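Let me begin by presenting the structure, written as structure tokens, before commenting on it.
The values are calculated or read from the model by the stated rules, or taken from the named source; none is laboratory data. Only a predicted model underlies this, so the values are computations on that prediction, with no experimental measurement involved. Note that each Cβ is placed from the backbone with ideal geometry, even for glycine, and that neighbours are counted across all protein chains shown.
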Amino acid sequence: MIALTVDKLSFAYGSKQALDNVSFSVASGECAILLGPNGAGKSTLFSLITRLYDSREGQIALCGFNLKQHSRQALAKLGVVFQQTTLDPDLSVTQNLRYHAALHGIGSKAADIRIQDELERLNMFERRHEKVRQLNGGHKRRVEIARALLHKPSLLLLDEPTVGLDMPSREAIVSHVHDLVRHQQLAVLWATHLIDEIAADDSVILLHRGKIQAQGQLPALLANSGCDNVEHLFKHYTQGVGR
Amino acid sequence: MNLLHYGLAMRGIVGRELLRFLHQRERFVSALVRPLVWLFVFAAGFRAALGIAISPPYETYILYEVYITPGLIGMIQLFNGMQSSLSMVYDREMGSMRMLMVCPLPRWFLLISKLIAGTAVSILQAYAFLGIAWLYDIRAPLMGYVWILPALLLSGLMLGALGLLLSSLIRQLENFAGVMNFVIFPVFFMSTALYPLWKIKESSEWLYWLAQYNPFSQAVELIRFALYQQFNQFGFLTTAIAFVLFMSLAILGYNPSRGMMVRKGGGGE
């Protein structure tokens, strides 16, 4: 099943074109890495997919639901981890998650069961009563991932979730997300500029200056471009190296 | 999507705001200190300088402290409305507002839920202030404390909606401080919070008209009359119309297709 379809999407801030005719899709059980340097248009794309604002050109559909016409059904399928922490630091882990569950119409009892499940999977259950302010960056991210999965979405959006984290925390998050893709058939769109987070079986969407420069399975992209690694591939499309 | 979902979401949003309020004791204290300083210091000083003639809803001569008490309740709600919107600008910059906007409910409903949450907090603050005023011997009839509740609800909603509208127009937190000065001070001082209308008319005709049609004035009058178990129709209508107007514009401002956020961009890339 196709979890996310972006079709001929363009967006401009006034006269500044942020996205230009962007099209791609992400299927269930696929981890798509949205790769691009700062200013590529990744955050704009995420703002449009999360319907912070609407595009005038192009279409976005989540699990077949058009985001403009059936926004509530579409957004119900979506879990998001934004680049900046969006937890309330003055509330406990559980209070933050219960709040999110309520926003998704999950009752208290069901919410508590799901909170326990998700926190246990991320080894955070014992910290459930701690205030978010007391957690380190890696643990906050785990809680945010637990929150994003609480309502059992079909598509998980991750906007540079590992920025600023130490290596063990980054590895734990990368590994957990890939497990979700393999075992739960979750579709993931992961924006990053950290190329070491890409697994060999991930698909890559390379965005630069608002346009998709290349997309496909990583081995095929490497073969087609003549590059021998992701770093070289990234430079090839964003800096013209190797052209 | 059903009514239960709406109910759970509203309970979640209001509950979160109340939890935050309970956890942030300094916010509660600072919200009370401001009007109490006005009551204990400013009003005590002005008592001798400013005579208050008998005018509705008062049936006898009153102390200046008694006169400004409804105005100070309005001040609490005005500041709370602005603080809520400040937190929304902050939330939007920091991202937690985005989490709210991503949930599968209509945006107007989310905004109204946020508004109700902020109003609930402002009502708690107003009653705490009235309790302290009671101890200071500034007392209204007992039933007045019940009558005032719907008035506080409407005025809180109106002032909160004004804050929401402002937060939809402002992109960055830094801009908000200026707007606070350009909104709070004019709105508060060009009102009947500190001086009765007839007193304002004695000194300036144009100021009198501004104060008369200032929605904040009418919210204060609504509260003042309710505290003495009277209904101020003009105050009610003006406050209700201002609420509908501000709320509609705020919903438009947060509309993903038409709002200011679209034109100004979400930051980032």
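So the values come out like this:
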read-out: Failed item, numbered, when A:Lys77 is tested on (1) in contact with a strand residue (DSSP E or B) (Cβ under 8 Å, 6 or more places away or on another chain); (2) more than 9 Å from chain B (Cβ to nearest Cβ); (3) charged (D, E, K, R); value: (2)
read-out: Selection status of B:Ala242, outside any helix (DSSP H, G or I), buried (at least 19 other Cβ atoms within 10 Å of the Cβ) and either aliphatic (A, V, I, L, M) or in contact (Cβ under 8 Å) with a residue 24 or more places away in the chain (or both); value: no
read-out: Residue within the stretch A:208-218 that is assigned to a helix (DSSP H, G or I) and free of Cβ contacts under 8 Å to residues at least 12 places away in the same chain present; value: no
read-out: Residue match in the stretch A:162-173 (condition: of a type in the set (D, E, K, R), buried (at least 16 other Cβ atoms within 10 Å of the Cβ) and on the phi < 0 side of the Ramachandran plot); value: yes
read-out: Subset of the stretch B:224-240 [more than 20 Å from B:Leu142 (Cβ to Cβ), more than 15 Å from the chain's Cα centre (by Cα) and aliphatic (A, V, I, L, M)]; value: B:Leu237
read-out: Subset of the stretch B:133-159 (residues that are of a type in the set (Val, Ile, Thr) and at pLDDT below 95); value: B:Ile138
read-out: Any chance B:Ser30 is modelled with pLDDT under 90, more than 27 Å from A:Ile49 (Cβ to Cβ) and outside any helix (DSSP H, G or I); value: no
read-out: Filter result for A:Leu48 (within 19 Å of A:Leu158 (Cα to Cα), in a helix (DSSP H, G or I), under 20 Å from the mean Cα position of the chain (by Cα) and modelled with pLDDT of 90 or more); value: yes
read-out: Search result, residues across the stretch B:83-124 that are at the interface with chain A (Cβ under 9 Å from one of its Cβ atoms) and among the β-branched types (Val, Ile, Thr); value: B:Val102
read-out: Positions within the stretch B:1-27 being assigned to a helix (DSSP H, G or I), touching a residue at least 12 places away in the same chain (Cβ under 8 Å) and within 7 Å of chain A (Cβ to nearest Cβ), in sequence order; value: B:His5, B:Ala9, B:Arg16
read-out: Members of the stretch A:179-199 that are buried (at least 16 other Cβ atoms within 10 Å of the Cβ) and within 14 Å of A:Leu122 (Cβ to Cβ); value: A:Leu180
read-out: Check on B:Ser55, among the small types (Gly, Ala, Ser) and closer than 30 Å to A:Ala76 by Cβ; value: no
read-out: Single residue of B:Ile112, B:Ile184, B:Ile138, B:Ile123 found to be surrounded by fewer than 22 Cβ atoms within 10 Å (Cβ to Cβ) and in contact with a Gly (Cβ under 9 Å, 6 or more places away or on another chain); value: B:Ile123
read-out: Set A:Lys16, A:Lys8: member being in contact (Cβ under 8 Å) with a residue 24 or more places away in the chain, surrounded by fewer than 23 Cβ atoms within 10 Å (Cβ to Cβ) and farther than 19 Å from B:Met101 by Cβ; value: A:Lys8
read-out: Filtered residues of the stretch A:51-86 (kept if surrounded by 23 or more Cβ atoms within 10 Å (Cβ to Cβ), part of a loop (DSSP other than H, G, I, E, B) and at pLDDT 90 or above); value: A:Leu67
read-out: Failed condition for B:Asn181, given (1) outside any helix (DSSP H, G or I); (2) closer than 26 Å to B:Ile68 by Cα; value: (1)
read-out: Residue in the stretch A:146-162 that is within 29 Å of B:Phe21 (Cβ to Cβ) and basic (Lys, Arg) present; value: yes
read-out: Of all residues making up the stretch A:87-122, the number that are at the interface with chain B (Cβ under 9 Å from one of its Cβ atoms), surrounded by fewer than 21 Cβ atoms within 10 Å (Cβ to Cβ) and part of a loop (DSSP other than H, G, I, E, B); value: 4
read-out: Any hit, the stretch A:147-156, residues being more than 10 Å from chain B (Cβ to nearest Cβ), more than 18 Å from A:Val188 (Cα to Cα), part of a loop (DSSP other than H, G, I, E, B) and not basic (Lys, Arg); value: no
read-out: Which numbered condition A:Leu34 misses (of (1) closer than 20 Å to A:Ile198 by Cβ; (2) assigned to a strand (DSSP E or B); (3) facing chain B (nearest Cβ under 9 Å)); value: (3)
read-out: Residue within the stretch B:56-76 that is within 14 Å of chain A (Cβ to nearest Cβ), touching a residue at least 12 places away in the same chain (Cβ under 8 Å), aromatic (Phe, Trp, Tyr) and surrounded by fewer than 19 Cβ atoms within 10 Å (Cβ to Cβ) present; value: no
read-out: Elements of type helices (runs of 4 or more DSSP H) in the stretch B:42-153, at least 3 residues being of a type in the set (Phe, Trp, Tyr); value: B:64-94, B:107-135
